[in-house]
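A short write-up of the structure that comes next.
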Amino acid sequence: MDKIVVENLKYKYPLTDKLVLNDISFKIEKGQFIGIIGQNGAGKSTLCQAITGLVPLFFKGAYGGRVIVDGIEVAKSNISDIALKVGMVFQNPFTQITGSKLTVYEEVAFGLENIGLDREEMKNRIDEALNLLGIYKFKDRNPFDLSGGQMQRLAIAGIIAMRPDVIILDEPTSQLDPQGSEEVFKAVWDLKKCGITIIMVEHKMEKIAEYSDKVLLMHDGKVIDFDTPEKIFSRDDLMKYGVIEPAYTRICKAFDIKDNGLYPVTLDRACEMVVKYNEHNRS
Amino acid sequence: MSIIEVKNLHFFYNKDEEILKGIDLIFDEKSTAIIGQNGAGKTTFVKLLKGLLKPTSGDIIIYGKNTKENTVANLARTIGLVFQNPNDQIFKNNVLSEVMFGALNIGMDEKDAKESSLNALRMVGLEGKINDNPYDLTLSERKLISIASIVAMNTKIIILDEPTIAQDYISKEKIKDIIFNLKSQGKLVITITHDMDFVAETFERTLVFCEGKVLLDGKTNEVFMQDEELKKAHLEPPYAAQLCRKMNSDKIYITVEEFVKANKR
Ligand SMILES: Nc1ncnc2c1ncn2[C@@H]1O[C@H](COP(=O)(O)OP(=O)(O)OP(=O)(O)O)[C@@H](O)[C@H]1O
Ligand SMILES: Nc1ncnc2c1ncn2[C@@H]1O[C@H](COP(=O)(O)OP(=O)(O)OP(=O)(O)O)[C@@H](O)[C@H]1O
Ligand SMILES: [Mg+2]
Ligand SMILES: [Mg+2]
């Protein structure tokens with residue numbers, strides 16, 4: 001079943017005359033992991049906000065077309081109802097922190113208080129999310145006394161604890177150390193396996209290639225392509241859209257090493273194919 | 001000559017948790033990356049260099065000046081810092097005045113400040129947005145503005161705390177060019193980042209911070225050979241090096257470019 005349907009979506013921010021989203025249509029099935037890529041200003045964050053309903057319910061402006069989540073048209077619903085279904089980790093963790101809570105623990109509790117859980121369940125979820133993101137030991141600290149990466153971990157924990165059906169992550173690992181970033185991708189992958197639909201905006205193409213079922217390539221408010229990572233990263237015009245292939249794919253492209261007509265996009269596949277290529281050349 | 005000398009530096013925010021646990025370092029003109037796990041103390045360290053925080057014990061000497069004995073304003077002529085969070089730095093309502101602010105503040109006259117700021121905005125590719133309100137811009141643009149503000153001040157030392165956050169491929173290349181450019185003007189550039197490929201492609205020297213100490217310090221390609229130490233600091237080698245390891249090759253290349261060049265026949 002389609003979890004999210006976007007039909008002919010168009011949008012301009014108030015007092016501007018550029019179509020930041022320009023006739024966008026695509027469908028996402030339940031439990032898919034969708035990567036969104038594209039250069040700065042392509043419209044990725046705006047599209048995410050349109051799926052949460054912040055566009056057009058909070059950000060006004062000219063809006064056309066429809067976004068439907070679970071059969072409900074978001075523009076005709078309200079932000080708090082959609083928030084129960086769709087959770088979003090914002091691009092800038094500094095803006096996600098409420099600023100009204102004294103501790104890291106209360107910060108995660110804040111979202112949960114609004115969904116009427118009993119105390120026991122709430123505590124379990126908070127502990128689990130803080131542990132998953134490796135920040136349990138900071139639970140009594142003021143969120144603003146965390147390092148940048150710790151704050152980003154907190155923003156992710158807050159959304160995971162809510163357990164929405166759809167989780168949107170807008171560059172969630174930009175400030176995480178490499179191992180932390182890998183852990184977040186793995187954690188999100190586990191959520192996907194439990195049937196949660198994932199939408200992730202990322203500039204780390206190696207990770208997008210490894211984890212996405214499909215990749216949405218955006219440019220200038222339009223969808224250029226929506227396909228498997230292998231197909232997307234085998235395109236020869238990515239430069240035009242300000243996007244670069246994963247390092248592994250760049251290497252394979254340099255030697256024209258293909259796998260069933262497409263370039264490998266992951267470490268494992270690239271390794272296998274490059275080794276084969278070297279053996280072939282040696283003999 | 002050493003530009004910055006750090007001697008037995010210790011620092012804590014609260015007595016019960018020491019953040020920096022004895023750091024001794026000398027910075028010369030080599031462009032330097034600082035990498036390490038979240039919470040290792042990287043941002044704290046550069047705030048100390050800038051004089052925004054003062055050592056609990058130990059000393060930091062910048063061109064012969066001890067940060068303990070000099071005000072932030074005094075040090076600001078020598079050392080510029082781009083904050084990790086651009087919102088901590090941006091407060092004017094017009095891009096050009098935002099970028100000019102720091103330059104004017106350290107005593108540049110109006111004309112020079114303007115010229116220097118326009119030049120810096122050109123370097124980051126935002127010359128078309130000089131009249132915009134920074135608050136209407138995206139995170140990546142705000143980050144570039146905060147970089148331009150510091151570049152415009154023309155200090156001898158420039159520190160970038162995670163400059164590549166939210167940047168696409170093209171902007172990362174721009175930031176790389178800016179770093180090469182500053183280096184060729186003889187400036188010391190120190191950069192904190194979690195982007196290992198960016199480090200491999202850009203910096204001569206790399207420092208690995210781990211739990212308040214310097215775990216590794218050396219030429220970038222040598223640091224990236226130390227898989228075990230890197231793991232301890234929650235890091236990974238660059239992608240090309242990961243491929244070399246996985247292929248069991250005896251040569252480890254740290255950039256895609258080197259890998260391709262070495263394997264082409
Ligand atoms: N609040 C706003 N008011 C007016 N214009 C905006 C606003 N937010 C974003 N824009 C503009 O809309 C366009 C798309 O921005 P968006 O943030 O969606 O891009 P993005 O693909 O997420 O970029 P990035 O990779 O930099 O995060 C950009 O041209 C941006 O300047
Ligand atoms: N104002 C503060 N009060 C108390 N502790 C703090 C404060 N600021 C930072 N810390 C703690 O000091 C440690 C080092 O923080 P710092 O910001 O220097 O880390 P970092 O290496 O820059 O990490 P990141 O990669 O996440 O940015 C962290 O554990 C952090 O929680
Ligand atoms: Mg964005
Ligand atoms: Mg930091």
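Filtering the range A:220-243 down to residues that are open to solvent by less than 30 Å² (accessible area, probe 1.4 Å) and β-branched (Val, Ile, Thr), which residue is nearest to B:Glu257 (Cα to Cα)? Full working, then the answer.
Step one: list which residues in the range A:220-243 are open to solvent by less than 30 Å² (accessible area, probe 1.4 Å), which gives A:221, A:229, A:232-234, A:238, A:241-243.
Filter again for β-branched (Val, Ile, Thr), leaving A:232, A:243.
Values: A:Ile232: 22, A:Val243: 17 Å.
Residue satisfying both the conditions and the ranking: A:Val243.
I want to confirm something. Restricting to the range A:139-153 and keeping residues that are surrounded by fewer than 22 Cβ atoms within 10 Å (Cβ to Cβ) and touching a residue at least 12 places away in the same chain (Cβ under 8 Å), which single residue is nearest to B:Thr193 (Cα to Cα)?
Only one residue tops the list, namely A:Leu146.
Within the range B:1-89, which strands (runs of 3 or more DSSP E) (wholly inside it) include 2 or more residues that are away from ligand 1 (no atom under 16 Å from the Cβ) and over 24 Å from B:Ala103 (Cα atoms)? Quick ask: steps written out before the conclusion?
On the way: elements: B:4-14, B:17-27, B:32-36, B:57-62, B:79-82.
Correct list: B:4-14, B:17-27, B:32-36, B:57-62.
Take the conditions without any contact (Cβ under 8 Å) to a residue 40 or more places away in the chain and touching a strand residue (DSSP E or B) at 6+ places or on another chain (Cβ under 7 Å) and apply them to A:Asp268. Does it pass? Can you show your working first?
Working: without any contact (Cβ under 8 Å) to a residue 40 or more places away in the chain: yes; touching a strand residue (DSSP E or B) at 6+ places or on another chain (Cβ under 7 Å): no.
When the stated conditions are applied, A:Asp268 does not pass them.
Residue check, B:Leu121 against (1) open to solvent by less than 30 Å² (accessible area, probe 1.4 Å); (2) over 20 Å from B:Lys172 (Cβ atoms), all met but one. Which one?
Unmet condition: (2).
Look at B:Asp136 and say whether it is surrounded by fewer than 23 Cβ atoms within 10 Å (Cβ to Cβ), assigned by TED's automatic domain parsing to the domain that holds B:Thr44 and under 26 Å from A:Gln39 (Cα atoms). Break it down into steps so the answer makes sense when it comes.
On the way: surrounded by fewer than 23 Cβ atoms within 10 Å (Cβ to Cβ): yes; assigned by TED's automatic domain parsing to the domain that holds B:Thr44: no; under 26 Å from A:Gln39 (Cα atoms): yes.
No; evaluated as a whole, the condition is false for this residue.
Could you pull out the residue among A:Tyr277, A:Tyr211, A:Tyr248 that is in contact (Cβ under 8 Å) with a residue 40 or more places away in the chain and within 14 Å of another protein chain (Cβ to nearest Cβ)? Even if it seems obvious, please write down each step before you answer.
Values: A:Tyr277 fails: in contact (Cβ under 8 Å) with a residue 40 or more places away in the chain; A:Tyr211 fails: within 14 Å of another protein chain (Cβ to nearest Cβ).
Of the residues listed, the single one that is in contact (Cβ under 8 Å) with a residue 40 or more places away in the chain and within 14 Å of another protein chain (Cβ to nearest Cβ) is A:Tyr248.
Restricting attention to the range A:164-202, and to residues there that are in a loop (DSSP other than H, G, I, E, B) and more than 12 Å from the chain's Cα centre (by Cα), which single residue is farthest from the other protein chains (Cβ to nearest Cβ)? Can you show your working first?
Narrowing the range A:164-202 to residues in a loop (DSSP other than H, G, I, E, B): A:164-165, A:171-177, A:194-196, A:202.
Those left that are additionally more than 12 Å from the chain's Cα centre (by Cα): A:164-165, A:175-177, A:194-196.
Working: A:Pro164: 23, A:Asp165: 27, A:Gln175: 6, A:Leu176: 6, A:Asp177: 4, A:Cys194: 26, A:Gly195: 30, A:Ile196: 25 Å.
This residue is A:Gly195.
Of the residues that make up the range B:182-193, is at least one within 16 Å of ligand 2 (Cβ to nearest atom) and at positive phi?
no
Report whether or not A:Val6 is in contact (Cβ under 8 Å) with a residue 60 or more places away in the chain, open to solvent by less than 10 Å² (accessible area, probe 1.4 Å) and either closer than 29 Å to B:Arg142 by Cβ or outside the structural domain of A:His203 (by TED's automatic domain parsing) (or both).
Details: in contact (Cβ under 8 Å) with a residue 60 or more places away in the chain: yes; open to solvent by less than 10 Å² (accessible area, probe 1.4 Å): yes; either closer than 29 Å to B:Arg142 by Cβ or outside the structural domain of A:His203 (by TED's automatic domain parsing) (or both): yes.
Yes: the conditions hold for A:Val6.
Enumerate the strands (runs of 3 or more DSSP E) found wholly within the range B:157-239, keeping only those where 2 or more residues are of a type in the set (Lys, Arg).
Output list reads B:213-219.
The values are calculated or read from the model by the stated rules, or taken from the named source; none is laboratory data. Just so we're clear, the structure is a prediction, and the values are computed from it rather than from any experiment. Neighbour counts run over all protein chains shown; Cβ positions are idealised from the backbone, glycine included. These area figures cover heavy atoms from the full protein model, side chains too; ligands, DNA and RNA do not enter into them. Shrake-Rupley method; radii C 1.70, N 1.55, O 1.52, S 1.80 Å.
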